[in-house]
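The block underneath contains the structure these notes are about, expressed in structure tokens.
Please treat every number below as a calculation from the coordinates, not as lab data. Because the structure is a prediction, the values reported are computed rather than measured. Glycine also receives a Cβ, built like all others from the backbone with ideal geometry; neighbour counts cover every protein chain displayed.
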Amino acid sequence: MIARLLTVDDAFEITSRGIVVVPGPLEAEYAGSREFAVRLALPDGSEREALLTLEHVFQTPPPTERRYACLLKGLSKADVPIGTEIWTVS
């Protein structure tokens, strides 16, 4: 089943880790796998495949709505422009 997971509002590069895209899905609304293949639909109409990992974010104080951090490996910030849609492909 293919479903839209999120639309990228911003992306941050973390050296040796990959690209973090925000906003991540709400923890209360997502109960699937924590690592899976995704399809990126870029604003220019092109597409690419990537591996996405969801990680818990620990903040003090905790936010009212807890979200997963979304980490994409093997890409650069330029590969994931604002407005990119991220779709699950399984």
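The table for this structure:
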read-out: Amide hydrogen neighbours beyond the local backbone of residue 67, cut-off 5 Å, H modeled; value: 27
read-out: HN-Hα J in Hz across region 24-35 - Karplus 6.51, -1.76, 1.60, θ = phi - 60°, x for Gly and Pro; value: x, x, 5, 4, 6, 10, 10, 10, x, 4, 9, 9
read-out: Model label zone, residue 31; criterion: amide N under 18 Å from point 7 Å along Cα-to-beta-carbon; scope region 53-80; value: 66-68
read-out: Cα centroid separation, region 45-90 to region 18-34 (Å); value: 7 Å
read-out: Region 1-80: chymotrypsin sites (Phe, Trp or Tyr not before Pro) falling in loop per DSSP and having at most 11 other Cβ within 10 Å; value: 58
read-out: Computed E for residue 12/residue 39 - FRET, C-beta separation, R0 25 angstrom, nearest 0.05; value: 0.75
read-out: Net charge over other residues, Cβ less than 13 angstrom from the Cβ of residue 66 (K, R count +1; D, E count -1); value: -3
read-out: Point-charge dipole on Cβ atoms (K/R +1, D/E -1) for the chain, about Cα centre, debye to 20; value: 180 debye
read-out: In region 21-90, GluC sites (Glu not before Pro) in a DSSP loop with at most 16 other beta-carbon atoms within 10 Å; value: 65
read-out: Rounded, prolate or oblate (a/c below 1.5 giving rounded, otherwise prolate when a/b exceeds b/c) for region 3-88 by Cα gyration tensor; value: prolate
read-out: Cβ-based charge dipole, region 3-88, positive-most Cα from 6, 64, 32; value: 32
